[in-house]
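Worksheet: the structure to be examined is printed underneath.
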Amino acid sequence: MEALNNPMSAPFFSFVVKVIGIWIIFFGILKLIYIKYKDQIDIDGFLERTNLSVQLFYIGFSTTRLNSMIKSISNGRYERFWYYWFKIGSWVSLSLLPLSIGLLIYNLFIIFIKPTGIEPVISPIVPGVNVKGSDSWYLIISVLISMIIHELGHAIASYVSKCEINSIGFFFLFIMPGASVNLDYIELDKISLWQKLRIQCGGVWHNVVLCIIGYLLLSSSSFLLSPLYKISNDKLYITGIPNGSLLERNLNIGDQILSINDCKISNRSDLVECIYKELDKTRSYCISQNTITCLENVFNNNNNNNTNVNLSNANNKKINLINQIDNDKRLRECFGINDATTLVECVPVSIDSPSECAKSKKECINFNQFNYHIFHLNLLSQDFDNVEQLSFLGTAQQLWDSFIVNNYQSRFVFLNGWDLPWYFNQFFSYLIPVSAGLAAFNAIAIPNMDGEHILETILSIIFLKFGGSACGNDKKNSPNNKINKTKINNTNNNNNNNNNNNNNSNNNNNNNNKESSSSSVLSKKEKRERLKLIISKVIKVSTILLFGLTVILSFYNLKYQR
């Protein structure tokens, strides 16, 4: 839970508009330079020599300098390892095809049925909506790493199969970086179908391995970081204090939060639950007339309806101006420094039965009117090893934004300003789903994705297995074919020796039989190719519809979840 108030934010759309504007200005400037200086400078030649491509929303660069390095990794002493590595990877990748399709269907089922307590497993990652602006770097780096590992899988598998690659490219599309491998498709058509399949599955397989490694590192983070941090499952420590925090003078990094308003805390979930418990309660406090006047002035100054607010008569009402002034410093200035510790809780009563506030010439005011609460925090100080109580007066969101907490404490003072476990967990929390998504969506038959080529190759293998040479593959070198040819030749020789007078007649009959057989084989081949094409198109169209529906409904579901 990153924030107690997490609305569907227009900042994302504002961000997209800004990025589009920057791209248009950038591309427009380059276009003007090109038009003005193209006769003086060989710009096209420069772009061609450097393999640089610049388009609206896209910048790409390709190079052959990395080819030799990848080739040396692929061949040599590790060649046998890579052979079995990608052989296993091809079977793992093929198993992802039905799993990915099933995942899409299951996700659609969850979106349509909306069972309680179950969230869709596929959700768009949208900066500004379900990704905080500060986390965008984790997303961009995760995409870049996942794509590089993916393309490296294709490149290594290609060299292992003795198929050269033309170049390796890097690009920047809108706001996302990426990588690509330009395969030599002439050589690709010369290798066997199984070798081709291993190359096509290499990217998916490497993304799966990246997910496994990421999960193992994330799950063992406590052990890996234990030399630097004290890790605990039942203690919640303050690991960061943001600049401008309302409690920056009262808290220290390393302090342990024991409870809030007598609600015990041992982890972040407990903290959120305790805050929400306080929000559900209606509390009133004895407020002096001066404080009431100050609060009324703040409300009335922010009131666009020009309607005066009287707090004394609003104990059982909700003021609609709350969201406008939650963070208004003037509202906090109405309360004294010690009000959080000295305010007396009271119960609003009728005119006939005055409250206990009347004794001190104060009024009982419901704090829920302006979203303010008093939070009493019990802290175990790291410096003095004793329990202290800190009272906070403000909104729940202000309290949440005042510190960063986690279940670990740094062993060294110089690490207090570096929340390494949080960065570590945050990075892998993005890397794993991004790499998993790249693997899953490349396994299914979506146009311009690996799954489209994998489907074509696996169908060719299946039809080759059950259709023989009718599938268009040459079997002249198979052992059985050689034995049959030997038997036929021996029989023909015997017949020729015994029937010399009928040679011309037999030759004519053989020619007729060959023509008939060739026509029959061609007919079967055409039928099987046509059947393969139909099956391929049905699977592709079904997958595209399923994928498109999932994307549209996932965005729709994301919008109405916020």
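Cα centroid separation, region 378-394 to region 154-202: 59 Å. With K and R counted +1 and D and E -1, the other residues having a Cβ less than 13 Å from that of residue 535 yield a net charge of +4.
Applied to region 30-39, the Karplus parametrisation 6.51 cos²θ - 1.76 cosθ + 1.60 on θ = phi - 60° returns per-residue 3J(HN,Hα) values of 4, 5, 5, 4, 4, 5, 6, 10, 5, 7 Hz, with x for Gly and Pro. In terms of other Cβ atoms within 10 Å, 259, 226 run from fewest to most in the order 226, 259. Summing charges over all other residues whose Cβ lies under 14 Å from the Cβ of residue 459, with Lys and Arg as +1 and Asp and Glu as -1, gives +4. Couplings 3J(HN,Hα) for region 406-413, derived from phi with the Karplus relation 6.51 cos²θ - 1.76 cosθ + 1.60 (θ = phi - 60°), are 7, 8, 7, 9, 5, 7, 10, 4 Hz, where x marks Gly and Pro. The amide H of residue 183, built 1.01 Å from its N in the peptide plane, has 166 as neighbours under 5 Å, considering only residues 5 or more places off or on other chains. When peptides 392-404, 34-46 are ranked by their average number of other Cβ atoms within 10 Å per residue, the highest-first order is 392-404, 34-46.
In terms of surrounding Cβ atoms within a 10 Å radius of their Cβ, 263, 357 rank from fewest to most as 263, 357.
When 376, 154 are sorted by how many other C-beta atoms sit within 10 angstrom of their C-beta, beginning with the fewest, the order is 376, 154. Around the amide H of residue 235, modelled in the peptide plane, lies no amide H under 5 Å away from a residue 5 or more places distant or on another chain.
Let me make sure I get this right: for region 77-193, a, b and c are the square roots of the gyration tensor eigenvalues over alpha carbons, sorted descending. Under 1.5 in a/c it's rounded, otherwise prolate if a/b > b/c, else oblate. Which is it? Oblate is the answer for region 77-193, as a/c is 1.5 or above yet b/c matches or exceeds a/b. Listed peptides 284-292, 25-33 appear in the order 284-292, 25-33 once ranked by packing, highest mean of other Cβ atoms within 10 Å at the front. Taking Cβ atoms as reference points and 10 Å as the exclusive limit, the residues near residue 410 contribute a net charge of +1, counting Lys and Arg as +1 and Asp and Glu as -1. Between region 214-242 and region 78-105, the alpha-carbon centres lie 33 Å apart.
Read the figures in this text as sums done on the coordinates, not as results from a lab. A quick note: this is a predicted structure, and the numbers were derived from the prediction, not measured. Cβ coordinates were reconstructed from backbone atoms using ideal geometry, including for glycine residues, and neighbour counts include every protein chain displayed.
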